[in-house]
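The block underneath contains the structure these notes are about, expressed in structure tokens.
We did not get these values from a lab; they are worked out from the coordinates using the rules stated. Just so we're clear, the structure is a prediction, and the values are computed from it rather than from any experiment. Glycine gets a Cβ as well: all are built from the backbone with ideal geometry, and neighbour counts include every protein chain shown.
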Amino acid sequence: MTTPSNALSWVTSANGHSDFPLHNLPLGVFSCDGLSKRGGVAIGEMIFDLRAALDAGFFNGAARDAAEAASRDQLNDFFALGAPARRALRSELLHLLDRSSPQLSRLQPLAETLLHPMAECQMHVPARIGDYTDFYVGIHHAMNVGKLFRPDNPLLPNYKYVPIGYHGRASTICISDTPVKRPNGQTLAPGAVVPEFGPSKRLDYELEMGVWIGPGNTMGEAISIVDAAEHIAGFCLLNDWSARDLQAWEYQPLGPFLSKSFATSISAWVVTAEALEPFRTAQPARPEGDPQPLPYLLDAADQQGGALDIELEVLLITEQMKEQGMAPQRLALSNTQNMYWTVAQMVSHHSVNGCKLQPGDLFGTGTLSGPQAGQFGSLLEISEGGKTALTLASGESRRFLETGDEVIFRARCRREGYASIGFGECRGVVL
Ligand code: CA
């Protein structure tokens with residue numbers, strides 16, 4: 001059901017759109033003047049209103065059930081329906097929005113009334129997130145950060161056997177464009193033995209992908225690696241804001257706590273597994289000498305096509321740069337192929353002990369840095385733990401984030417012979 005790369009939509013802003021051409025059709029929850037929160041689909045610069053479309057009589061059968069679930073003020077019920085419902089809805093949406101659709105003259109006049117300009121709408125966190133888990137599968141980030149603390153032994157012995165993760169905080173996950181308040185907390189100054197209390201001086205971002213969980217499992221029953229992909233509803237961008245000075249003092253022995261739980265930003269649109277299908281790729285071969293994954297994490301199909309080729313970008317714009325009319329400056333360009341574990345392996349591992357995953361749970365992949373300068377997904381790595389300052393085009397320098405700094409993530413999928421799609425932005429300004 002691959003849509004031809006040259007397929008066009010009668011929603012003209014979709015054609016050639018860098019994020020939301022006809023081939024993407026991501027779902028989200030929006031509201032706008034006079035309209036309550038509801039599900040919609042991004043198409044070019046517009047949002048297609050699923051609730052209004054249902055009222056107007058669009059969609060049949062499984063697609064109608066899916067549209068009903070996706071039209072609510074959260075997408076949990078839609079995620080719970082799983083892949084067949086998602087595919088049915090996508091198929092009818094493609095038919096409805098395609099410029100060469102045979103019933104266009106009948107459908108378009110009514111469908112046009114169901115579009116809202118994205119610029120006039122407010123986006124919301126797309127699901128009630130029951131649980132949020134942050135993984136650590138970006139091996140270059142793990143190496144870069146490990147080197148700062150253990151130059152001779154950057155990776156701990158469990159890393160190549162266990163998809164490492166910790167339970168994060170769902171209550172402070174916020175939608176892109178929500179300002180982030182610098183957190184207070186305890187920090188231990190170098191050489192000191194007693195901590196001080198105050199605002200974090202080492203505020204950072206982490207470039208991650210977010211993974212939305214679909215149907216899930218019952219407690220006590222693991223999701224097999226073979227079935228894991230069926231439990232992934234879609235993807236977004238995720239900024240795991242991190243207070244490095246709080247983290248350094250609090251993280252032993254149980255891991256991050258208040259250094260991470262004050263805010264996590266996500267992009268608004270849920271890009272589906274179907275839209276990402278052309279951008280699947282083989283999991284990169286493990287370096288010579290690395291162990292094979294244990295059997296419960298190893299599946300031939302997952303190894304052959306379970307990785308993603310998504311280009312990831314971090315940009316920064318300071319208050320001064322805004323005042324001077326400068327564009328955001330790129331700090332990093334990375335790729336999801338820097339994941340040591342696939343998303344299916346994350347799902348399978350998370351549930352292997354019988355832990356229950358539920359529709360609308362969210363995973364973070366962990367920071368997805370590349371191995372080289374220019375590919376680092378956090379300032380901790382760029383500044384080598386705060387040792388070297390980054391000089392911006394404005395002449396300002398940064399080791400960590402200052403007040404007024406705005407961090408922007410973007411993601412783009414490109415492949416010869418296929419239409420490119422993107423994720424929209426994940427933005428946040430530091431207060
Ligand atoms: Ca993280």
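In the neighborhood of SER171, defined by Cβ-to-Cβ distances under 14 Å, what is the net charge if each Lys or Arg adds +1 and each Asp or Glu adds -1?
Summing Lys/Arg as +1 and Asp/Glu as -1 gives +1.
Please give the Cα centre distance for the stretch 93-143 versus the stretch 61-80, rounded to the nearest Å.
Centre-to-centre distance over Cα atoms comes out at 13 Å.
In Å and whole numbers, how far do the C-alpha atoms of the stretch 1-145 stretch along each principal axis, longest first?
Here the Cα extents, ordered largest to smallest, are 57, 33, 32 Å.
Under a straight-distance cross-link criterion of Cα-Cα below 23 Å, which lysines are reachable from LYS160, leaving out those fewer than 8 residues away in the same chain?
LYS147
Which semi-axes, in whole Å and largest first, does the equivalent ellipsoid of the stretch 296-431 have when worked out from the alpha carbon gyration tensor as the square roots of 5 times its eigenvalues?
Semi-axes, largest first: 33, 18, 15 Å.
Below 8 Å between Cα atoms, with a sequence gap of 6+, how large is the relative contact order for the chain in percent?
21
Sorted by packing (mean other beta-carbon atoms within 10 Å per residue), highest first, where do 115-124, 343-352 land?
343-352, 115-124
Near the amide H of GLN329, under 5 Å away, which other amide H atoms are found, from residues 5 or more places off or on another chain, if H is placed in the peptide plane?
Distant-sequence amide H within range of GLN329: LEU316, ILE317.
Please list 3J(HN,Hα) in residue order for the stretch 118-125, calculated via the Karplus relation 6.51 cos²θ - 1.76 cosθ + 1.60 where θ = phi - 60°; whole Hz, with x for glycine and proline.
Each residue's phi maps through the Karplus curve to give 4, 5, 9, 10, 9, 8, 10, 3 Hz.
With unit charges on the beta carbons (Lys and Arg positive, Asp and Glu negative) and the dipole taken about the Cα centre of the stretch 9-163, which residue among GLY44, ASN76, ASN15 sits farthest to the positive side?
ASN76
Report, ordered by chain and residue number, the lysines lying within cross-link reach of LYS322, taken as a straight Cα distance under 25 Å and ignoring same-chain residues fewer than 8 apart.
Within reach: LYS181, LYS201.
With viscosity set to 1.567 mPa s at 4 °C, what whole-number translational diffusion coefficient in µm²/s follows for the chain from Stokes-Einstein and a Kirkwood radius over Cα pairs?
58
Quick one: which residues, 5 or more positions from MET46 or on another chain, have an amide H under 5 Å from its amide H? H modelled 1.01 Å from N in the peptide plane, none for Pro or chain starts.
Amide H neighbours of MET46: MET118.
What is the Rg over Rh value, at two decimals, for the stretch 1-54, using alpha-carbon atoms and the Kirkwood definition of Rh?
Rg/Rh for the stretch 1-54 comes to 1.02.
Need the C-alpha centroid separation for the stretch 360-431 versus the stretch 203-222, integer Å.
Answer, in whole Å: 20.
For VAL430, VAL271, VAL29, which order do you get if you count the other beta carbons within 10 Å of each Cβ and list the fewest first?
Going from least to most buried by this count: VAL430, VAL29, VAL271.
Could you give the length gained on full extension between THR172 and ASN153, defined as 0.36 nm per residue of separation minus the Cα-Cα distance, in nm?
Here the segment from THR172 to ASN153 would lengthen by 3.5 nm.
What is the calculated FRET efficiency for MET326 to GLN252, with r their C-beta to C-beta distance and R₀ = 45 Å, to the nearest 0.05?
For MET326 and GLN252, the calculated efficiency is 0.65.
Have a look at LEU156, PRO293, PRO117 and report the one farthest towards the positive end of the charge dipole of the chain, computed about the Cα centre with Cβ charges (Lys/Arg +1, Asp/Glu -1).
Ranked along the dipole, the leading option is LEU156.
With all pairs of different alpha carbon atoms counted, what Kirkwood hydrodynamic radius in Å does the stretch 157-301 show?
18.3
Taking only DSSP H segments of four or more residues, each worth -39500 (n - 2.57), what value at 222 nm results for the chain once the sum is divided by all its residues, to the nearest 500 deg cm²/dmol?
Helix-only estimate at 222 nm: -5500 deg cm²/dmol.
Within the set of other residues whose C-beta is less than 11 Å from the C-beta of GLU319, count the net charge using Lys and Arg as +1 and Asp and Glu as -1.
Spelling it out: positives minus negatives among the neighbours equals -4.
Less than 12 Å apart at the alpha-carbon level, and either on another chain or at least 8 residues along: which aspartates and glutamates does that give for LYS37?
Candidates past the 8-residue exclusion: ASP49, ASP73.
Which ³J(HN,Hα) values, rounded to whole Hz and listed in residue order, are derived for the stretch 130-138 from phi using the Karplus coefficients 6.51, -1.76 and 1.60 in 6.51 cos²θ - 1.76 cosθ + 1.60 with θ = phi - 60°, glycine and proline given as x?
With the stated coefficients, the stretch 130-138 comes to x, 9, 10, 10, 10, 8, 8, 8, x Hz.
Mind listing the long-range amide H neighbours of GLY210? Cut-off is under 5 Å, sequence gap 5 or more, other chains count too, H placed in the peptide plane at 1.01 Å from N.
Those lying under 5 Å, H to H, from GLY210 are CYS236, LEU237, LEU238.
Mind listing the phi-derived Karplus ³J(HN,Hα) values for the stretch 419-431, rounded to whole Hz, using 6.51, -1.76 and 1.60 with θ = phi - 60°, and x for any glycine or proline?
With coefficients 6.51, -1.76 and 1.60, one gets 6, 6, 10, x, 10, x, 9, 10, 10, x, 10, 8, 9 Hz.
Under 4.7 Å Cβ to Cβ, no partner at all: give me those cysteines from the chain, in residue order.
CYS174, CYS236, CYS355, CYS413, CYS426
Looking at the chain only, what percent of DSSP beta bridges run antiparallel? Nearest 5 please.
Of the beta bridges lying entirely in the chain, close to 90 percent run antiparallel.
Just grab the label-to-label distance for SER394 and SER105, each label 7 Å out from Cα along the Cβ direction, in nm (one decimal).
Modelled inter-label distance: 5.6 nm.
Net charge within 9 Å of LEU188 by Cβ-Cβ distance, Lys/Arg positive one each and Asp/Glu negative one each, not counting LEU188 itself?
-2
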